Structures are given as C-alpha cells and as structure tokens.
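Shown next, in structure tokens, is the structure this report addresses.
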C-alpha cells in the first residue's frame, strides 16, 4: 500500500496529465510588453520489488525532464527587448533510483539552466543577443532522418 501523501501526489499528477493542453500562459501590458510562462511536466511513478522489499517513488523522466521557463518581452518604439530563462527543475531522475539508495527528491543546480538570454532587436542594426541561448544541438539528439517519430528514446543507462 502506498503512503497517503504519495498517493495524493500521484493522483494530482495523473489529473494534470489527463487535462487537455492549456491555453498559452501569457500576460500583456498596455505598453506592448508581455510575460509568457512555459515548460513541460514529465513525471512518472517508479516501483520495483527485489523479493525482499518493495520500493517506489515519484521520479522525473531523464530523457526529457520537467522544466519551466519565462520570457519577458517589451517594445521600445521600433525596438524590442527580450529576456528568456529556461531551467530544468531538478527532480530526482528515473535512472538515479535503485536498491542502493534514492537521490534527493529535489536537487536543483546551476548546470540545469538551459537558457539565460537577453536580446535587443532593432530595425536598423539587427538583433544583439547576450547570454546562453539555444544550443546548436537543441532538438537534434537521436534525430532520425527517415522521418520516423519516436515516442521515447531508451538507452541501456536510462533504464532504471
């Protein structure tokens, strides 16, 4: 039997995952600016029994982890200033759980920052970007040039 707090967490996550996609979370001001919240939720419940004891915990998907982002955009005449921040949240990943011990449930580190960027777009001089933006390899890992779509990639090291 699962502990009560864990059962309620699982129920809440299942309810969230069963909801249809929400409308864009974007808030605008009267001067041409906006704040947009975005991200993805990728939880799972991992359990196993080794014949001696049963283990189970709420985990995050290692292949495509839970992340949250914020984009702030503000118009200044014909120019646009934009700030973009995206980070993984640092929940315990599925491949880190095992009989030898469990990782911390939440362990955020600076290395989880995926994007931290400020850009200034002008009509006459182009766009100036500072910070860590989108990487050249974003979206190309496990690329299949045949057009086949994979629901999930599993390597031997990612199977928990």
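Here are the numbers for this structure:
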read-out: Qualifying residue in region 51-68 (condition: under 20 Å from residue 26 (Cα atoms), surrounded by fewer than 15 Cβ atoms within 10 Å (Cβ to Cβ) and in contact (Cβ under 8 Å) with a residue 24 or more places away in the chain); value: yes
read-out: Check on residue 32, over 24 Å from residue 90 (Cβ atoms), at pLDDT 60 or above, loosely packed, with under 10 Cβ neighbours inside 10 Å and over 18 Å from the mean Cα position of the chain (by Cα); value: no
read-out: Residues of region 113-155 that turn out to be surrounded by 10 or more Cβ atoms within 10 Å (Cβ to Cβ) and either farther than 27 Å from residue 96 by Cα or at pLDDT 60 or above (or both), as a count; value: 20
read-out: Test: residue in region 110-133 that is in contact (Cβ under 8 Å) with a residue 60 or more places away in the chain and touching a strand residue (DSSP E or B) at 6+ places or on another chain (Cβ under 6 Å); value: no
read-out: Sole residue being surrounded by 15 or more Cβ atoms within 10 Å (Cβ to Cβ), touching a strand residue (DSSP E or B) at 6+ places or on another chain (Cβ under 9 Å) and at pLDDT below 85, chosen from 13, 2, 6; value: 13
read-out: Residue pairs meeting the criteria (Cβ under 8 Å; at least 6 apart or on separate chains; first on the phi > 0 side of the Ramachandran plot and touching a residue at least 40 places away in the same chain (Cβ under 8 Å), in region 22-49; second surrounded by 12 or more Cβ atoms within 10 Å (Cβ to Cβ) and assigned to a loop (DSSP other than H, G, I, E, B)); value: 39/66
read-out: Any hit, region 94-103, residues being assigned to a strand (DSSP E or B) and in contact (Cβ under 8 Å) with a residue 24 or more places away in the chain; value: yes
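Every residue, every condition in (1) at pLDDT below 80; (2) within 14 Å of residue 98 (Cα to Cα); (3) assigned to a strand (DSSP E or B), yes or no:
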{"position": "44", "(1), (2), (3)": "no, no, yes"}
{"position": "47", "(1), (2), (3)": "no, yes, yes"}
{"position": "52", "(1), (2), (3)": "no, yes, no"}
{"position": "55", "(1), (2), (3)": "yes, yes, yes"}
{"position": "59", "(1), (2), (3)": "no, yes, yes"}
{"position": "64", "(1), (2), (3)": "yes, no, no"}
{"position": "68", "(1), (2), (3)": "no, no, yes"}
{"position": "73", "(1), (2), (3)": "no, no, yes"}
{"position": "80", "(1), (2), (3)": "no, no, yes"}
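The values are calculated or read from the model by the stated rules, or taken from the named source; none is laboratory data. This is a predicted model, so every value here is computed, not measured. In this analysis, Cβ positions are derived from the backbone assuming ideal geometry, glycine residues included, and neighbour counts consider all displayed protein chains.
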